[in-house]
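Reading through the structure tokens given below for one structure.
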Amino acid sequence: MSEQLTARADLELAGEPVIPASRPGLRWAMLAVGLLVALALPWFIYPPVAMDIAAWALFAISVDLLLGYTGLLSFGHAAFWGTSAYVTGLIAINAGVPFPLAVLGGALAAMALAVPIGYLSVRRTGIYFAMVTLAFAQMVYFIANQWRSLTGGENGLQGIPKSFFGIEAIETDSFYFYYAALPVILLGVLVAWRAVNSPFGQVLVAIRDNPARARALGYDVERYKIMVFVLSAGLAGLAGGVFSISHGFASLQELAWTTSGKVVLITVLGGIGTLWGGPIGAGLVVVLEDRLASSGFNGVGIITGAIFIVIVLAFRHGIWGTARNGVAAWMRRRRSGAGGS
Amino acid sequence: MSAFLQYTLQGLAAGGFYALAALGLAVIFGVLGVVNFSHGACYMLGAVASAVLLDTLGLSFWWALLVVPVLMFVFGVLMERLLVQWLLRLDPLYNFLLTFGITLVLVDLVKRRYGVSGLPYQLPPGLDGRVTVGSVSLSLYQVFVTLFAVLVCVAVWALLTQTRIGMIVRASTEDAERSRALGINVGRWVTPVFGFGIGLAGLSGVLAAPFRAITADMGSNFVIILFAVVVIGGLGSILGAVVAGFLVGLVEAYGQAYAPSFAQVLIFVLMALVVLVRPSGLFGREEAA
């Protein structure tokens, strides 16, 4: 049964590029549209919710870096998001530095935490990896719960300031804050984009598709896995830091396994193996939860859980992957139709 | 000394819940290759069901012990037939994610119906007393839970090793491919085994009902400790699940007694140590990574 335990390529990753590389124009157009949506978001959506979408989008991208590109499902990414939320908050409260610096500090702390967790977790693959990361994240949760003097225990860390060079509009108005924080998120997306479109990213995909062959070709598979794990934790940390600054507090919720689960849900819903999936999933889930919460419906999990069940059963490529495959099939049909006449 | 014995018993009783539930998890994994995330939710359903049955039908603890696992078996069969079976041929991560979605739905359904405060459940009459052994006074219910859990584990072990059905299930666990080649219809056993595993989780929940706060969230932390249990024991191993279940229960109880602030962390430290020294678990077989 051992072949079922290893991360296999049959995770049905929608890896094949449907938009051929020979059409870079389309790619740039899509990037431009994505950037425009990110810039226009707070005009259409309540700015703190828009900020949440951006933070969860980067968080989902960090998970996808592991799941979609390396074939590792981390079910403990709340540990990095949450650790950074706390560390960012502590730096912002105590050092009074501009918030992007505090977020950077939080991301570094998340990466430092990811070194031992990654070192231990990559010893297992597949489903074991998911369980081990989940358990380690729960350990971090309990430590934060106990370490009241630092984290405030169940009360959380409150009163995190949005210091930004004394510019009052940004520090008090969530609309302007969005534009001050967006570059931090975009920096994270850029890092992820550079990583997957580099030789490093190619090695990751090779490890995902055939770890034995990657090893035979002389790549130190474990080291690559630890490296991408730490990188991914850093991106999750950037996202978590922005989230805690935006909300002005950090709570245990940020470290809870439900948060790890939510980000996996967002990633799979949007579509794995593509950097577009995360933002799409994040937009949907955050807006859905916001609407459900404001309509007074308690039991968000019934809706998100049911959607997730349907996605896993029927649309395993996620929204982006399904849409992309649909468009590709349509284009193929049209082309063959044109050739026939 | 008397305090130590009490902690030991407390640990063994808690370990009983873990061992039974982990046993179910291990059997399901063995035969189906599915790590059931909803195992904690099924444990919760078992406890909630016994509280509701007591409240509405006046069904006593003893009847619940019999009826609830059967109900959970049926629930498990339905879950396997309706949802889980469609993903069995894919990477096990998909069923992990599917059962995670099921967990979200189940927990919030129970939360909507019964609220977040705990449902009441009395210790069953006859088990609410204490037994005195020498100078030590122990909770009778904890003694009962420990003995009962051990008994069920032994019964399951006997079922697996002494009967023909057990032999088939073990063969399928060991090597599904070769069992098929030898003419065993592995697929026939998939559904009942899934139901059986869910039934064990439900049974664990019934035992926990008089002892723990019955809330929709009672399984949330439980399932993660279960994962630690099976990682420590070795996921493929049935003996490992049982031994590690009791071990984790003991670690938790001693931790709560002697280092309360580290009690919950200790379990995961233990898991980290096992992963570091013996990645495949205490009783797991080495696998090619």
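Values in this text are rule-based calculations from the coordinates and carry no lab data. Only a predicted model underlies this, so the values are computations on that prediction, with no experimental measurement involved. Here the Cβ is made from the backbone with ideal geometry for all residues, glycine too, and neighbour counts use every protein chain on show.
Summary table below
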{"quantity": "Charge dipole (the stretch A:46-257, unit charges on Cβ, about Cα centre) - positive-most of A:53, A:172, A:79", "calculated": "A:79"}
{"quantity": "Ratio of the Cα radius of gyration of the stretch A:199-311 to 2.2 N^0.38 Å, where N counts its residues", "calculated": "1.32"}
{"quantity": "Inter-centroid distance (Cα atoms) of the stretch B:41-68 relative to the stretch A:95-144, Å", "calculated": "40"}
{"quantity": "R0 of 30 Å, Cβ-Cβ distance residue B:262-residue A:112: FRET efficiency to nearest 0.05", "calculated": "0.90"}
{"quantity": "Dipole magnitude of chain B about its Cα centre (Cβ charges: Lys, Arg +1; Asp, Glu -1), debye to nearest 20", "calculated": "320"}
{"quantity": "Per-selection Kirkwood Rh - chain A (Cα, Å, 1 d.p.)", "calculated": "20.6"}
{"quantity": "Of B:29, B:144, B:222, the one that fluctuates the most in a GNM where chain B has Cα springs shorter than 10 Å", "calculated": "B:144"}
{"quantity": "Zone of residue B:55's modelled label, taken as backbone nitrogen in the stretch B:114-142 under 16 Å from a point 7 Å along Cα→Cβ", "calculated": "B:114-123"}
{"quantity": "Virtual spin-label span in nm between residue A:330 and residue A:46, 7 Å along Cα→Cβ", "calculated": "3.4"}
{"quantity": "Under Karplus coefficients 6.51, -1.76 and 1.60, residue-wise ³J(HN,Hα) of the stretch B:75-92 in Hz, glycine/proline x", "calculated": "4, x, 4, 4, 4, 5, 5, 7, 10, 4, 4, 5, 10, 4, 7, 9, 3, x"}
{"quantity": "Equivalent ellipsoid dimensions for the protein assembly as shown as semi-axes, Å, which come from the Cα gyration tensor, largest first", "calculated": "41, 30, 23"}
{"quantity": "Lys, Arg +1 and Asp, Glu -1 on Cβ, resulting dipole of the stretch A:46-257 about Cα centre, debye, nearest 20", "calculated": "780"}
{"quantity": "Extension gain from residue B:127 to residue B:62, taking 0.36 nm per residue of separation minus the Cα-Cα distance", "calculated": "22.3 nm"}
{"quantity": "Label zone at residue A:198 (point 7 Å along Cα-to-Cβ), backbone N below 18 Å, the stretch A:216-234", "calculated": "A:219-234"}
{"quantity": "Extension gain from residue B:82 to residue B:182, taking 0.36 nm per residue of separation minus the Cα-Cα distance", "calculated": "33.1 nm"}
{"quantity": "Where labels lie 7 Å past Cα in the beta-carbon direction, separation of residue B:278 and residue A:32 in nm", "calculated": "6.2"}
{"quantity": "Cα-centre dipole for the protein assembly as shown with unit charges at Cβ (Lys and Arg positive, Asp and Glu negative), debye to 20", "calculated": "1360"}
{"quantity": "Residues residue B:74 and residue B:5, FRET efficiency given R0 of 56 Å [Cβ-Cβ distance, rounded to 0.05]", "calculated": "0.90"}
{"quantity": "Shape category assigned to the stretch A:104-200 from the gyration tensor of Cα positions, a/c cut at 1.5", "calculated": "oblate"}
{"quantity": "Backbone HN-Hα couplings from phi across the stretch A:173-179 [Karplus 6.51/-1.76/1.60, Hz, Gly and Pro as x]", "calculated": "9, 5, 5, 6, 4, 3, 6"}
{"quantity": "Label-point separation in nm, residue A:148 to residue A:294, each point 7 Å along Cα→Cβ", "calculated": "3.7"}
{"quantity": "Positive-pole candidate from B:133, B:253, B:195, dipole of chain B, charges at beta carbon", "calculated": "B:195"}
{"quantity": "34 Å tail of the calculated P(r), chain B, as % of Cα pairs", "calculated": "18"}
